[in-house]
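Here the structure is laid out as structure tokens; the discussion comes afterwards.
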Amino acid sequence: MQTILITGGTGMVGQSLTNLLLNKGYQVIVLTRQQKQASRLNFSFAQWDLNKGWIDPAAIAAADYIIHLAGEGVADKRWTKARKKAILDSRVDSSALLVKTLKAHPNKVKAIVAASAIGWYGPDNEKSKQSGFVETDPVDHSFLGDTCRQWEESMHPVKAMGIRLITIRIGIVFNKMGGALAEFIKPAKLGAAAILGDGQQMVSWIHQQDLSRLMLFALEQEQVEGVYNAVAPDPVNNAILTKAIARRFHTWAIPFHVPSFILKIMLGEMSVEVLKSANVSASKIIAAGFSFDYASMDEALDDLLISNWSSRGDH
């Protein structure tokens, strides 16, 4: 039985991924800052402390693979100077600690999947509007772009150790437990389709189940290495997405626009990302052999919102 060590395993993405790995028969170790007891077979916690620069060496020794998800939530709070520092440091410092520990302790780690984000890319240009941003496109000179660059570079030293590194640039994750979808649902339940700005900005999304499957695919397929976008092959604009979600609660849902200046007042600098259009391509991971269970927006929304939809008899 192979063992996968996960950082950030208690978050929304990490919990879904852990369930998939356990169902597939893997032993899972989740790094945590506080001592916890696991309640499932083949699942355990191990401690790490970023402030002290320490990871339980037994966890590193046991791991065949590592999935590195740790990092402060980008959209959880307003981007103050301190918050931006926490977002960056939590990613870069945790990567540096992993690298240091792998260098210092004998291990059998064969591959690492390291999270990044499509914040790497800037706003759409004429080329991306047609074919989507691809993994070789340059980094955007913005806070999120620079954060992604440093985040990705912080894991590069493992390649010199002979460890296969796969960097996954994650899109907007649709999940039943929360995240971006929960924010869309709030006005939808009231019968309102709250379109952000002019609504024409492209949203490159991925169903949580497909994200978990993609990460496992990347670990299991030895030919998969380097950077891959984790987005569904059906990006849609904000207006289409917002209306589609609202209609799954109320067929008579009323669309309205939240003006850009209101979003800027409410969100500050973060509003730039909310209003940014980023059409990101899934072609590379598809060419590698990955198949999406939820390739279209409608398939994903029907799966995630079906209980609400069915209970109202609106379909």
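No value in this document is a laboratory result; all are computed from the given coordinates. Keep in mind the model is a prediction, meaning the values are calculated, not measured. Cβ sites come from the backbone with ideal geometry, for glycine too, and all protein chains shown count toward neighbours.
For every helix of n ≥ 4 consecutive DSSP H residues, a contribution of -39,500 (n - 2.57) applies; sum these over the chain, divide by its total residues, and give [θ] at 222 nm rounded to the nearest 500 deg cm²/dmol.
Values: 12 runs with 125 residues, N = 315.
Rounded to the nearest 500, the figure is -12000 deg cm²/dmol.
Rg and Dmax over the alpha-carbon atoms of the range 131-180 stand at 13.9, 39 Å. Between amide H atoms placed 1.01 Å from N, distances below 5 Å from residue 230 occur with 169, 170, 171, all of them 5 or more places distant or on a separate chain.
In terms of its C-alpha gyration tensor, the range 163-315 has an oblate overall shape, because the principal axis ratio a/c (a ≥ b ≥ c, square roots of the eigenvalues) is not below 1.5 and a/b does not outweigh b/c.
Expressed per residue, the C-alpha convex hull volume of the range 1-58 stands at 80 Å³.
What does the charge add up to near residue 30, with Lys and Arg as +1, Asp and Glu as -1, over the other residues with Cβ less than 14 Å from its Cβ? Summing Lys and Arg as +1 and Asp and Glu as -1 gives +2. Pairs spanning more than 20 Å between alpha-carbon atoms, out of 77/264; 84/176; 127/276: 84/176. Taking Rg and Dmax of the Cα atoms in Å as the quantity of interest, determine which of [x] 18.0, 56; [y] 20.6, 77; [z] 19.7, 61 was computed from the displayed structure. Answer label, from the structure shown: [z]. Candidates 266, 215, 161 compared by Cα position along the dipole of the range 133-282: farthest toward the positive end lies 266, with charges placed on Cβ.
Near residue 55: Cβ cut-off under 14 Å, other residues only, Lys/Arg at +1 and Asp/Glu at -1. The net charge is +1.
Efficiency by 1/(1 + (r/R0)^6): what FRET value for residue 257 and residue 127, r their Cβ-Cβ distance, R0 = 30 Å, to the nearest 0.05? Please list the in-between numbers first.
Numbers: r = 28 Å, r/R0 = 0.93.
Once the sixth-power term is evaluated, E becomes 0.60.
Using amide H atoms built in the peptide plane, which far-off residues or other-chain residues are under 5 Å from residue 43 H to H? It is 28, by chain and number. Near residue 213: Cβ cut-off under 13 Å, other residues only, Lys/Arg at +1 and Asp/Glu at -1. The net charge is -2.
Taking square-rooted eigenvalues a ≥ b ≥ c of the alpha carbon gyration tensor, is the range 226-313 rounded, prolate or oblate, where a/c under 1.5 means rounded and, failing that, a/b exceeding b/c means prolate?
Oblate, since a/c reaches 1.5 and b/c is not below a/b.
If you sort the three axes of the alpha carbon gyration tensor as a ≥ b ≥ c, you get a/c of 1.5 or more for the range 68-157 and a/b no higher than b/c, which makes it oblate. Hey, can you grab everything whose amide H is under 5 Å from the amide H of residue 279? Only 5+ residues off in sequence or another chain; H modelled, so Pro and N-termini drop out. Counting only residues 5 or more places away or on other chains, the set is 124, 133.
Here the Karplus curve 6.51 cos²θ - 1.76 cosθ + 1.60, taken at θ = phi - 60°, turns the phi angles of the range 282-295 into couplings of 9, 4, 5, 5, 5, 5, 6, x, 7, 10, 7, 6, 10, 7 Hz, with x standing for Gly and Pro.
Compute, for the range 207-298, the length of the dipole vector about the Cα centre, with Cβ point charges of +1 (Lys, Arg) and -1 (Asp, Glu) only. Units Debye, rounded to 20. Kindly include the intermediate steps, with their values, before the conclusion.
On the way: 7 positive and 9 negative charges, 108 e Å.
So the dipole magnitude of the range 207-298 works out to roughly 520 debye.
Each label was represented as a point 7 Å from its Cα along the Cα-to-Cβ direction; for residue 190 and residue 225 these points are 5.3 nm apart. Straight-line reach from residue 100: taking Cα to Cα under 19 Å and skipping same-chain neighbours fewer than 8 places apart, the lysines in range are 52, 108, 110, 159. Relative contact order for the range 178-315: 37 percent, from Cα pairs under 8 Å spaced at least 6 residues apart, divided by residue count.
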